[in-house]
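Shown next, in structure tokens, is the structure this report addresses.
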Amino acid sequence: MNSNDIRKTYLDFFEGHGHAVFPSSSLVPVGDPTVLFTTAGMQQFKPYFSGEKAAPHPRIATAQKCVRTSDIESVGDDSHLTFFEMLGNFAFDDYFKRQSIEFAWELLIDRLGLERGRMWATCFGGEGIVPRDTDSFEIWQEVGVPAERIRFFGRADNFWGPTGGSGACGPDTEIHYELRPAAPGHDCSGPNCECERFLELWNLVFNEFFQDIGGKLTPLESVGVDTGAGLERWAVLLQDKPNIYETDLFAVIRSSAADALGGASDASNGGERPLRIIAEHSRSAVFMLADGVLPGNEGRGYVLRRLIRRAVGQARLAGRLEPFLGGVAEATIEVMGRFYPEVVDRRHHILTVVEEEEERFSRTLDRGLSLVQAKITELGDSTIIDGKSAFLFHDTYGVPLDLVKDVAGSAGLSVDEAGFAVAMERQRELSRAGTSGVESTLPNGLPPSQFIGYGGMTSGDGEIVAILSGGEQVSSIDEGAEGLLVISETPFYSEAGGQVGDTGTISGGDFEFRVTDTQRNAEGTTFHIGTVVTGSGRSGDPVACAVDATRRMDVARNHTATHLVHAALREVLGEQVRQSGSLVAADHLRFDFNHGDSLSPEEIAAVERRVNRNVLAAIQVSTEEREVREAVEGGALALFGEAYGDIVRVVTINEVSVELCGGTHLRDTAGIGSFAIIREESVGSGLRRVVAVTGRAAVDSSRARMESIRETAAALNAPIEDVTERVRRLLEENSEHRRELDRLRQRIANQQVDAVVAKSEILSGFSVVTEQIDVDDSSTLRVLSDSLRFKLGDDWAFLIGAVVDGRPLFFAAASESAVGAGANAGKIVETAAKTTGGGGGGRPEMANGGGRDASRLMDGLKAGRQALLKSLGA
């Protein structure tokens with residue numbers, strides 16, 4: 001059975017037994033900040049198991065994409081993976097142990113035809129408040145597994161969950177398949193034996209408890225079933241393969257990796273391990289990118305970057321220097337796209353990011369690896385690379401710890417990982433100490449503030465709850481002092497979700513406080529940052545809050561416009577486009593999104609047209625609070641990686657956009673006035689940025705552009721409507737003038753070349769020239785050198801110099817035969833340039849450089865000549 005047949009058989013079987021087949025959820029969990037990635041099939045169903053929410057169906061089956069990085073060091077063996085697919089069937093207060101076991105037995109034995117006599121089971125042996133699972137033990141015997149092939153184990157082996165720090169969990173029973181008889185003389189105890197006679201096929205988890213953050217177990221009101229069967233393991237068994245890399249899930253991908261490494265790998269470049277790591281990590285990277293993750297230095301982005309760099313590093317160790325990872329990613333898309341269309345839909349984005357990240361890493365890897373090798377040479381009799389050096393390679397030269405360990409391991413050495421961790425933590429502490437900004441100084445332990453600014457409200461009354469000045473909490477604050485005020489109720493929006501904090505005034509009696517920024521800490525306390533203009537304020541005083549309404553409206557225009565930009569980009573570029581970040585300020589908006597290529601002028605114009613069309617349509621903007629999973633399942637777009645609470649605000653622009661957003665918005669799109677994109681640029685691998693203006697700023701921008709066009713028209717003495725044609729004509733004339741100038745330079749150069757060649761000397765069998773040249777620019781010097789190389793014949797070397805714009809410049813070159821005899825143009829130029837107070841270098845065949853002191857040009861030529869003659873033994 002190929003992998004698609006296995007998936008289909010599994011899902012069809014459970015659909016036939018009353019299960020609703022759900023699609024795989026994203027690898028990036030929405031509303032679950034406890035984990036970086038989806039690590040199990042049950043993760044999208046956590047609220048149903050814990051009782052927080054009613055399940056949409058009592059029985060569900062899925063094939064779920066999962067990522068776990070705990071086994072990354074083991075990838076390359078026969079079985080460990082970072083990305084895998086989990087087949088699962090789930091029941092919510094429906095069937096329990098008996099039916100779960102009977103379903104599994106029917107599918108494995110009757111449908112898939114596995115041998116009864118090779119089936120084993122393990123059950124939970126009991127611990128604490130969780131009793132021994134004698135029910136499963138007896139049910140297994142009833143379906144046909146004899147007691148001698150059923151084993152009991154403790155919590156480490158037969159108790160599962162929760163995912164993250166808390167959630168539903170419970171004892172499990174596992175199904176194991178005996179791959180081969182016990183070896184003669186080996187005392188095998190059955191499943192979980194280190195002899196690897198058994199393959200774990202299926203884990204049936206019986207969720208009976210809720211575990212809190214502290215590890216305390218509480219019985220659930222309603223029990224549930226959560227099962228997980230690794231598709232890759234089933235493929236190994238059902239396709240009769242010795243390991244996962246020979247199944248149809250990996251064969252094509254591994255073959256692509258082998259092609260990249262120059263054919264089948266052998267012991268000289270690490271055997272199978274590099275091929276497997278490249279294939280496995282490429283597969284993981286493709287799915288992460290398809291689900292919106294981008295390479296970065298933190299969180300999910302760091303995991304993705306680590307996998308890509310580890311794959312590139314393995315290829316480098318095996319001798320592959322050229323880019324290759326895009327081809328392996330293509331093979332992954334070909335194989336996996338048959339069941340997961342999102343990787344096909346986002347092919348261009350995936351390949352662009354993979355290739356950019358590989359190119360970026362390769363630029364720094366050569367230098368780093370050479371330093372690692374140099375360090376190994378320095379070690380002498382020592383067998384370990386110290387942690388400080390390993391961190392230097394990682395932090396300064398971009399060589400991941402994994403790759404340092406691989407290089408060290410190939411030389412029979414190890415790496416001080418504990419020392420590396422210490423150096424890493426020291427760097428983090430320095431980074432934290434070096435952070436600036438208000439956020440790092442906001443205290444905790446104060447009451448949360450109630451925000452009353454939605455619906456356009458920009459004023460309100462409250463009470464001063466706390467005052468901070470000089471880094472301490474005080475009871476009062478006087479005129480001229482800077483500080484932070486905490487108000488019981490506030491219309492001031494604190495910076496969040498890309499939207500800047502409000503400004504305005506807080507006043508009461510003779511007290512007036514000018515608010516220059518508003519920030520919020522993790523506990524939800526709002527801090528109004530500013531200066532006392534007049535009077536004094538005390539804790540407990542009643543105050544009136546007034547937000548700068550004009551600025552708030554400008555910010556709201558830009559925030560509502562970002563939602564329209566997101567929708568327009570998805571229309572123009574494709575549904576794969578997702579927001580990666582934003583800034584919503586009063587004078588402009590900035591919107592970051594995943595996309596591989598720069599936007600063409602036509603695409604930028606199309607986005608502008610769509611946004612302005614929706615502005616003119618005066619579409620209503622509405623908000624409501626909804627449960628986060630319900631909102632996302634209903635089609636609301638969520639920002640990847642954002643940690644949302646259980647209840648979220650959903651901003652809807654009718655039939656155009658539905659997004660999770662906590663910012664302030666307009667009542668309808670007409671309030672935006674007008675919209676214009678002023679810049680589009682790259683901000684990282686597969687990440688683009690649009691900068692735009694709205695309202696008053698858009699009017700000002702248009703006026704400034706129009707004024708610039710008028711000034712250009714006046715300078716050209718042409719009507720405004722003729723400016724474009726007149727500029728085009730001037731550019732053509734300028735190009736022709738440049739071509740004529742190049743022809744004159746060539747003619748002058750040829751005249752000088754003949755004179756220079758006449759002065760050449762024959763030394764050690766080579767034509768040698770060291771001369772000062774009279775030129776006006778560096779381009780002519782280069783043209784002259786090209787002519788000189790041609791006219792000197794086959795065996796030659798030269799150094800020429802000139803003063804251009806008051807600086808001495810040098811150019812050296814040597815023929816192939818001269819280089820073979822010892823000449824090195826790079827060292828010759830370096831010697832000449834240093835003599836004049838500068839520097840330079842290049843390849844042995846060709847080099848250039850410059851100095852500071854033009855009066856020493858001849859001294860530089862003499863020093864360079866000496867270096868040239870010495871290298872030729874003359």
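The values are calculated or read from the model by the stated rules, or taken from the named source; none is laboratory data. The model shown is predicted, which means the values in this text are computed figures rather than measured ones. Cβ placement follows ideal geometry from the backbone for every residue including glycine, while neighbour counts extend to all protein chains displayed. These accessible areas exclude ligands, DNA and RNA; they are computed on the full protein's heavy atoms, side chains included. Shrake-Rupley method; radii C 1.70, N 1.55, O 1.52, S 1.80 Å.
For every residue, the table says whether it meets (1) in contact (Cβ under 8 Å) with a residue 40 or more places away in the chain; (2) over 25 Å from D212 (Cα atoms); (3) in contact with a strand residue (DSSP E or B) (Cβ under 9 Å, 6 or more places away or on another chain); (4) open to solvent by less than 10 Å² (accessible area, probe 1.4 Å).
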| site | (1), (2), (3), (4) |
| --- | --- |
| A55 | no, no, yes, no |
| T62 | yes, yes, yes, yes |
| T69 | yes, no, no, no |
| F84 | yes, yes, yes, no |
| A91 | yes, no, yes, yes |
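Regarding H559, is this residue surrounded by 17 or more Cβ atoms within 10 Å (Cβ to Cβ), touching a residue at least 24 places away in the same chain (Cβ under 8 Å) and closer than 30 Å to A636 by Cα?
Details: surrounded by 17 or more Cβ atoms within 10 Å (Cβ to Cβ): yes; touching a residue at least 24 places away in the same chain (Cβ under 8 Å): yes; closer than 30 Å to A636 by Cα: yes.
Taking the combined requirement at face value, the residue satisfies it.
Among the numbered criteria (1) acidic (D, E); (2) under 16 Å from the mean Cα position of the chain (by Cα); (3) open to solvent by 10 Å² or more (accessible area, probe 1.4 Å), which one does E358 miss?
(3)
Can we say T531 is over 19 Å from L446 (Cα atoms), open to solvent by less than 50 Å² (accessible area, probe 1.4 Å) and assigned to a helix (DSSP H, G or I)? So that I can check it myself, show each step before the final result.
Details: over 19 Å from L446 (Cα atoms): yes; open to solvent by less than 50 Å² (accessible area, probe 1.4 Å): yes; assigned to a helix (DSSP H, G or I): no.
Spelling it out, it is not the case that T531 is over 19 Å from L446 (Cα atoms), open to solvent by less than 50 Å² (accessible area, probe 1.4 Å) and assigned to a helix (DSSP H, G or I).
Being at pLDDT 95 or above, surrounded by 19 or more Cβ atoms within 10 Å (Cβ to Cβ) and among the hydrophobic types (A, V, I, L, M, F, W, C) narrows it down to one residue among V615, V628; which is it?
Step by step, each of V615, V628 is checked, and only V615 is at pLDDT 95 or above, surrounded by 19 or more Cβ atoms within 10 Å (Cβ to Cβ) and among the hydrophobic types (A, V, I, L, M, F, W, C).
Out of the helices (runs of 4 or more DSSP H) lying entirely within the range 265-381, which hold 1 or more residues that are more than 25 Å from L27 (Cβ to Cβ), in contact with a Phe, Trp or Tyr (Cβ under 7 Å, 6 or more places away or on another chain) and not aromatic (F, W, Y)?
Details: elements: 273-290, 299-317, 325-336, 341-345, 347-378.
Once the helices (runs of 4 or more DSSP H) in the range 265-381 are filtered for at least 1 residues that are more than 25 Å from L27 (Cβ to Cβ), in contact with a Phe, Trp or Tyr (Cβ under 7 Å, 6 or more places away or on another chain) and not aromatic (F, W, Y), what remains is 347-378.
Kindly check whether there is at least one residue in the range 216-233 that is closer than 21 Å to C66 by Cα and open to solvent by 30 Å² or more (accessible area, probe 1.4 Å).
yes
Could you check the range 778-806 and list, in sequence order, the residues that are touching a Lys or Arg at 6+ places or on another chain (Cβ under 8 Å) and at pLDDT below 90?
S779, T780, V783
Would you point out which residue out of F45, F13 is open to solvent by less than 30 Å² (accessible area, probe 1.4 Å), in contact (Cβ under 8 Å) with a residue 12 or more places away in the chain, touching a helix residue (DSSP H, G or I) at 6+ places or on another chain (Cβ under 7 Å) and not charged (D, E, K, R)? I'd like the intermediate steps shown before the answer.
Numbers: F45 fails: touching a helix residue (DSSP H, G or I) at 6+ places or on another chain (Cβ under 7 Å).
Exactly one residue qualifies, and that residue is F13.
Among the residues of the range 839-861 satisfying the criterion of being in a helix (DSSP H, G or I) and in contact with a helix residue (DSSP H, G or I) (Cβ under 7 Å, 6 or more places away or on another chain), which is farthest from L763 (Cα to Cα)? Talk me through it step by step, then tell me what you get.
Applying the first criterion (in a helix (DSSP H, G or I)) to the range 839-861 yields 854-861.
Retained after the next criterion (residues that are in contact with a helix residue (DSSP H, G or I) (Cβ under 7 Å, 6 or more places away or on another chain)): 856, 859-861.
Numbers: R856: 25, D859: 21, G860: 20, L861: 17 Å.
Among those that are in a helix (DSSP H, G or I) and in contact with a helix residue (DSSP H, G or I) (Cβ under 7 Å, 6 or more places away or on another chain), it is R856.
Residues of the range 318-352 being crowded, with 18+ Cβ neighbours inside 10 Å, among the hydrophobic types (A, V, I, L, M, F, W, C) and at pLDDT below 90, which ones?
Within the range 318-352, A318 is the sole residue that qualifies.
Which ones in the range 165-190 are under 24 Å from T134 (Cβ atoms) and either open to solvent by 60 Å² or more (accessible area, probe 1.4 Å) or touching a Pro at 6+ places or on another chain (Cβ under 8 Å) (or both)?
The first filter runs over the range 165-190 and keeps only residues under 24 Å from T134 (Cβ atoms), leaving 168-178, 189-190.
Those that are under 24 Å from T134 (Cβ atoms) and either open to solvent by 60 Å² or more (accessible area, probe 1.4 Å) or touching a Pro at 6+ places or on another chain (Cβ under 8 Å) (or both): A168, C169, E174, H176, S189.
Yes/no matrix, rows are residues, columns are (1) open to solvent by 40 Å² or more (accessible area, probe 1.4 Å); (2) among the hydroxyl-bearing types (S, T, Y); (3) over 21 Å from G471 (Cα atoms); (4) modelled with pLDDT of 95 or more:
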site	(1), (2), (3), (4)
E495	yes, no, no, no
I506	no, no, no, yes
F513	no, no, no, yes
T516	yes, yes, no, yes
G524	no, no, no, no
V547	no, no, yes, yes
R552	no, no, yes, yes
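Just for the range 409-428: of the residues that are within 23 Å of the chain's Cα centre (by Cα) and not hydrophobic (A, V, I, L, M, F, W, C), which one is surrounded by the most Cβ atoms within 10 Å (Cβ to Cβ)? Give the steps one after another, and end with the answer.
Quick first cut of the range 409-428, residues within 23 Å of the chain's Cα centre (by Cα) only: 421, 424-425, 427-428.
Now narrow it down to the ones that are not hydrophobic (A, V, I, L, M, F, W, C): 425, 427-428.
Values: E425: 10, Q427: 13, R428: 10.
Filtering the range 409-428 for residues that are within 23 Å of the chain's Cα centre (by Cα) and not hydrophobic (A, V, I, L, M, F, W, C), the one surrounded by the most Cβ atoms within 10 Å (Cβ to Cβ) comes out as Q427.
When residues of the range 396-408 are filtered for being out of contact with any His (no Cβ under 9 Å at 6 or more places or on another chain) and either loosely packed, with under 13 Cβ neighbours inside 10 Å or not in a helix (DSSP H, G or I) (or both), how many remain?
Final tally of qualifying residues: 3.
Can you pull out the residues in the range 721-731 that are among the aliphatic types (A, V, I, L, M) and open to solvent by 70 Å² or more (accessible area, probe 1.4 Å)?
Step one: filter the range 721-731 for residues among the aliphatic types (A, V, I, L, M), giving 723, 727, 730-731.
L730, L731, listed by residue number.
Picking from G299, G263, which residue would you name as being at pLDDT below 90, open to solvent by 30 Å² or more (accessible area, probe 1.4 Å) and not hydrophobic (A, V, I, L, M, F, W, C)?
Working: G263 fails: open to solvent by 30 Å² or more (accessible area, probe 1.4 Å).
None of the others qualify; the one that does is G299.
Would you point out which residue out of D554, D548 is in contact with a helix residue (DSSP H, G or I) (Cβ under 9 Å, 6 or more places away or on another chain) and under 30 Å from S507 (Cα atoms)? Lay out the reasoning, then the answer.
On the way: D548 fails: in contact with a helix residue (DSSP H, G or I) (Cβ under 9 Å, 6 or more places away or on another chain).
That would be D554, the only listed residue that is in contact with a helix residue (DSSP H, G or I) (Cβ under 9 Å, 6 or more places away or on another chain) and under 30 Å from S507 (Cα atoms).
Determine if the range 363-386 includes at least one residue that is surrounded by 19 or more Cβ atoms within 10 Å (Cβ to Cβ), among the hydrophobic types (A, V, I, L, M, F, W, C) and modelled with pLDDT of 90 or more.
Keep residues of the range 363-386 that are surrounded by 19 or more Cβ atoms within 10 Å (Cβ to Cβ), which gives 365, 368-369, 372, 375, 385.
This time we only want the ones that are among the hydrophobic types (A, V, I, L, M, F, W, C), so: 365, 369, 372, 385.
This time we only want the ones that are modelled with pLDDT of 90 or more, so: 385.
Yes, there is a match, as at least one residue in the range 363-386 is surrounded by 19 or more Cβ atoms within 10 Å (Cβ to Cβ), among the hydrophobic types (A, V, I, L, M, F, W, C) and modelled with pLDDT of 90 or more.
Hey, can you tell me all the residues within the range 121-158 that are part of a strand (DSSP E or B), at pLDDT 95 or above and open to solvent by less than 30 Å² (accessible area, probe 1.4 Å)?
A121, T122, C123, F124, I150
Hey, does the range 506-516 have a residue that's within 34 Å of the chain's Cα centre (by Cα) and at positive phi? Before the answer, list the steps.
So the first thing to find is which residues in the range 506-516 are within 34 Å of the chain's Cα centre (by Cα), and the list is 516.
After this cut, where a residue has to be at positive phi as well, the list is none.
No, because not a single residue in the range 506-516 is within 34 Å of the chain's Cα centre (by Cα) and at positive phi.
I'd like the full set of residues that are in a strand (DSSP E or B) and either at positive phi or buried (at least 22 other Cβ atoms within 10 Å of the Cβ) (or both), limited to the range 660-686. Even if it seems obvious, please write down each step before you answer.
To start, the set of residues in the range 660-686 that are in a strand (DSSP E or B) comprises 660, 668, 675-684.
F675, G684 - these are the residues of the range 660-686 that are in a strand (DSSP E or B) and either at positive phi or buried (at least 22 other Cβ atoms within 10 Å of the Cβ) (or both).
Here is a list of conditions, (1) surrounded by fewer than 14 Cβ atoms within 10 Å (Cβ to Cβ); (2) of a type outside the set (G, A, S); (3) in contact (Cβ under 8 Å) with a residue 40 or more places away in the chain, and R689 meets all of them except one; can you say which number that is?
(1)
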